[in-house]
Amino acid sequence: MFEAIISLCLSLHPESCRDQLIPGYEAPSQSQCAASLAGRPPDISLPTGVFANGAPECQAVGQALEFTEIAPGVFAHLGRIAEPSSENAGDAANLGFIIGAERVAVIDTGSARWMGEAIWRAVRQHTNRPVTDVILTHMHPDHVLGASVFTEAGARVHGHAGLDRALADRRSNYLESFERLIGSQAFIGTKVARVTHPVTTETVIDLGGRRLVLRPWSLAHSPTDLTVLDEVNGTLFAGDLVFDRHVPTLDGSVRGWLRVLDELSLIAASHVVPGHGGPVLDWPQGAENTRRYLETLARDTRAAIVRGERLGEAVLHIAQDEAAQWQLFESYNPRNATVAFTELEWE
Ligand SMILES: [Zn+2]
């Protein structure tokens, strides 16, 4: 198979380039791909700071991201249990796609444009049906920064009603920090997509014989959490409302998250894809470790506040009982304790 690409280079470092996929020109031969490029020239809008090194051209299809079919038509990618880095190029969150009889939906898109492209290729290995819907489970950059390849191919973008604003407020911060973390070459072409379909209440997407139920949540892991339930075989994509192995990260409310877990556990799913770890766990048991961690975090934080401890001393011991249960504990637990302390001292 062949695909269309355009070579993009950094204006400040012209020797640093990346081939960016132009979706929708896949063909079995190079000449067929080139003919469709000539007949239907792509409309390419470049992000600032890059230039095109030559015209679009066709070459053999690049690397796809690895996905496992966890239920018929439901695919999940296991991100590394790691912080986004140059070593993993930002491949550090779980992603998914679901194939219906007529259309395909992608759930979360990774940390950079290259990841969206690698998801696109994985979808194309399984189906030629159009990718009409991208669903973003929340605002964190490891889940949303690969979306632009799908919007260029005509997909709608669904997210929590607060997502577009949250991304607009954090756009430059997210882009700068992730470019630094994963490296500017791997990050070439990355843009923040707009949310075209804000989800304010439970919403159904029909992929053709297959309904996905999107549900937005109040402040929990983040202010913009949204879950996706595939009704056909009961797969729940929980985003970062559920963690496995990777310590939970709190960017919202510990009380809110525990309340949301209560409601979430009532959803009649058979299994869950967490935002990190897994990538597939039984439901509702798959949320038990996340709940236990959050309960410990809240309990220890309240006890520290009652004892009159200062934040600086409290973060040294809050939730330490959980240290052996999780990876990346030292990286995130102090931040979680800080968020919880700030929230609970005003209870
Ligand atoms: Zn997150």
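Which condition does Phe2 not pass, out of (1) farther than 30 Å from Leu181 by Cα; (2) at pLDDT below 95, if it passes all the others?
(2)
Looking at Pro23, Pro84, which is the one that is outside the structural domain of Asn233 (by TED's automatic domain parsing) and within 22 Å of Gln185 (Cβ to Cβ)?
Selected residue: Pro23, the only one of Pro23, Pro84 that is outside the structural domain of Asn233 (by TED's automatic domain parsing) and within 22 Å of Gln185 (Cβ to Cβ).
One line per residue, one yes/no per condition, for (1) in contact with an Asp or Glu (Cβ under 7 Å, 6 or more places away or on another chain); (2) closer than 16 Å to Ala112 by Cα:
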{"site": "Ile6", "(1), (2)": "no, no"}
{"site": "Pro14", "(1), (2)": "no, no"}
{"site": "Glu26", "(1), (2)": "yes, no"}
{"site": "Ser31", "(1), (2)": "no, no"}
{"site": "Gly39", "(1), (2)": "no, no"}
{"site": "Gly54", "(1), (2)": "no, no"}
{"site": "Ala64", "(1), (2)": "no, yes"}
{"site": "Phe67", "(1), (2)": "no, no"}
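Can you name every residue in region 215-226 that is among the aliphatic types (A, V, I, L, M) and either more than 15 Å from the chain's Cα centre (by Cα) or more than 16 Å from the ligand (Cβ to nearest atom) (or both)?
If the condition is that a residue be among the aliphatic types (A, V, I, L, M) and either more than 15 Å from the chain's Cα centre (by Cα) or more than 16 Å from the ligand (Cβ to nearest atom) (or both), then Leu219, Ala220 are the ones that fit.
Condition first: under 30 Å from Glu288 (Cβ atoms) and within 15 Å of the ligand (Cβ to nearest atom). Can you find one or more residues in region 200-209 that meet it?
Scanning region 200-209 turns up no residue that is under 30 Å from Glu288 (Cβ atoms) and within 15 Å of the ligand (Cβ to nearest atom).
Can you tell me which residue among Ala55, Ala34, Ala64 is within 30 Å of His271 (Cβ to Cβ) and either outside any strand (DSSP E or B) or not assigned by TED's automatic domain parsing to the domain that holds Glu231 (or both)?
From the options Ala55, Ala34, Ala64, the qualifying one is Ala64.
When residues of region 137-159 are filtered for being away from the ligand (no atom under 16 Å from the Cβ) and out of contact with any His (no Cβ under 8 Å at 6 or more places or on another chain), how many remain?
Number satisfying all stated conditions: 8.
Residues being closer than 21 Å to Ala82 by Cβ and surrounded by fewer than 18 Cβ atoms within 10 Å (Cβ to Cβ): count how many of those fall in region 333-347.
Total satisfying the criteria: 2.
With the requirement that a residue be farther than 16 Å from Thr137 by Cα and in contact (Cβ under 8 Å) with a residue 60 or more places away in the chain, what does region 203-233 give you?
Within region 203-233, Asp206, Leu207, Gly208, Gly209, Arg210, Val232, Asn233 meet the criteria.
Kindly evaluate Val157 against the criterion of being aliphatic (A, V, I, L, M), touching a strand residue (DSSP E or B) at 6+ places or on another chain (Cβ under 6 Å) and surrounded by fewer than 16 Cβ atoms within 10 Å (Cβ to Cβ).
So Val157 fails the test.
Here are some residues: Leu212, Leu236, Leu229. Which one is more than 16 Å from the ligand (Cβ to nearest atom), under 15 Å from the mean Cα position of the chain (by Cα), not in a loop (DSSP other than H, G, I, E, B) and not assigned by TED's automatic domain parsing to the domain that holds Asn333?
Selected residue: Leu236, the only one of Leu212, Leu236, Leu229 that is more than 16 Å from the ligand (Cβ to nearest atom), under 15 Å from the mean Cα position of the chain (by Cα), not in a loop (DSSP other than H, G, I, E, B) and not assigned by TED's automatic domain parsing to the domain that holds Asn333.
Starting from region 138-152, take each residue that is in contact (Cβ under 8 Å) with a residue 40 or more places away in the chain and assigned by TED's automatic domain parsing to the domain that holds Ser222 and list its partners that are among the charged types (D, E, K, R) and within 7 Å of the ligand (Cβ to nearest atom), counting only C-beta distances under 8 angstrom and pairs at least six apart or across chains.
Short answer, once both residue conditions are applied: His138/Asp240; His140/Asp240; His140/Asp251; His143/Asp240.
Mind checking whether some residue in region 277-285 is within 30 Å of Val232 (Cα to Cα) and either among the charged types (D, E, K, R) or part of a helix (DSSP H, G or I) (or both)?
Yes.
Do we find a residue being free of Cβ contacts under 8 Å to residues at least 60 places away in the same chain, buried (at least 23 other Cβ atoms within 10 Å of the Cβ) and assigned by TED's automatic domain parsing to the domain that holds Thr235 anywhere in region 169-187? Outline the logic, then answer.
In the first step, residues of region 169-187 are kept if they are free of Cβ contacts under 8 Å to residues at least 60 places away in the same chain; the result is 169-177, 179-180.
Keeping just the survivors that are buried (at least 23 other Cβ atoms within 10 Å of the Cβ) gives none.
For region 169-187, residues free of Cβ contacts under 8 Å to residues at least 60 places away in the same chain, buried (at least 23 other Cβ atoms within 10 Å of the Cβ) and assigned by TED's automatic domain parsing to the domain that holds Thr235: absent.
Quick one: count up the residues across region 264-280 that are surrounded by fewer than 19 Cβ atoms within 10 Å (Cβ to Cβ) and either free of Cβ contacts under 8 Å to residues at least 40 places away in the same chain or within 16 Å of the ligand (Cβ to nearest atom) (or both).
4
If only one of Trp283, Trp257 is among the aromatic types (Phe, Trp, Tyr), surrounded by fewer than 24 Cβ atoms within 10 Å (Cβ to Cβ) and out of contact with any Phe, Trp or Tyr (no Cβ under 6 Å at 6 or more places or on another chain), which one is it?
One residue alone meets the criteria, Trp283.
Just to be sure before I move on: is Thr48 in the same structural domain as Leu181 (by TED's automatic domain parsing) and in a loop (DSSP other than H, G, I, E, B) in the structure I sent?
Considered against the rule, which asks whether it is in the same structural domain as Leu181 (by TED's automatic domain parsing) and in a loop (DSSP other than H, G, I, E, B), Thr48 comes out as no.
The values are calculated or read from the model by the stated rules, or taken from the named source; none is laboratory data. Note that this is a predicted model, so its numbers are computed, not measured. Every residue, glycine as well, gets a Cβ built from its backbone with ideal geometry; the counts of neighbours run over all protein chains shown.
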